[in-house]
Amino acid sequence: MIEEIVRAIFFKNYSGDNNLNEALTASIEEIMLAILAGEGFPKPLPEIVGTIAKGKSRVNLFLGIRNPRPSVPIRYIIYFDHVRKAMLDTIVYMRDNYDTEVVNEWFRERFKKEHLELMSADMSEKIEAIFGKPANVRMFNPSELKLEDEFFSSAFIGILGVERFLEYSQAYNKCAAILRQCQAECKALGKMVDAKES
């Protein structure tokens, strides 16, 4: 994917206010799916691939937080809920298709079906536990997000295969570097505008 296309995707999602992180998240999801829709990847890909891309893009919102007591805008808690729902859907999909050709041997060597059953029950319990609670009394869990991100990647490999996943990762990393550059440029411009206004 050429730089002009990546930049066009980012600035299509960036409204010019303080939604830089949300723009990055939307762009990451769009670019993931565009890469997977390209040459060399199986067609059609199962719908769960879109769910995994959405989950991974929302994990990205949280990965840059380094505070000892992590805090995020309240609206981000909803994204954490999205990650958990995507995680549950992905676990259930991989479990239900475990014995079919959809899930490859690489994945089956690392995750037993019984393990997926336990993971599904655990995630369902976490989702039910926060149901109805207002966002301002809830927290996100950085260590949980890392595990979820790792599982999303494992599910990608389990569906795409190792070689195709590496091809995807190389393409994605190039695009992600361009997206970070776009984000940095917008931050710098925003600081210049703020300095002039003050």
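The values are calculated or read from the model by the stated rules, or taken from the named source; none is laboratory data. A quick note: this is a predicted structure, and the numbers were derived from the prediction, not measured. Quick reminder, even Gly has a Cβ in these numbers, built from the backbone with ideal geometry, and neighbours come from all protein chains shown. Quick note on the areas: whole protein, heavy atoms, side chains included, nothing else; ligands and nucleic acids left out. Shrake-Rupley method; radii C 1.70, N 1.55, O 1.52, S 1.80 Å.
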Q) Can you tell me which residues in region 85-127 are open to solvent by less than 30 Å² (accessible area, probe 1.4 Å), in contact with a Lys or Arg (Cβ under 8 Å, 6 or more places away or on another chain) and not polar (S, T, N, Q)? A) A86, Y98, L116, M123
Q: Could you list all residues from region 1-29 that are assigned to a loop (DSSP other than H, G, I, E, B) and at pLDDT 85 or above?
A: Y14
Q. Going by the conditions given, is G40 at pLDDT 85 or above and either open to solvent by less than 60 Å² (accessible area, probe 1.4 Å) or assigned to a loop (DSSP other than H, G, I, E, B) (or both)?
A. no
(Q) Can you tell me which of (1) at pLDDT 80 or above; (2) buried (at least 18 other Cβ atoms within 10 Å of the Cβ); (3) not small (G, A, S) is the one F140 doesn't meet? (A) (1)
Q: Restricting attention to region 1-37, report how many residues are of a type outside the set (G, A, S) and either under 21 Å from N104 (Cα atoms) or open to solvent by less than 50 Å² (accessible area, probe 1.4 Å) (or both).
A: 17
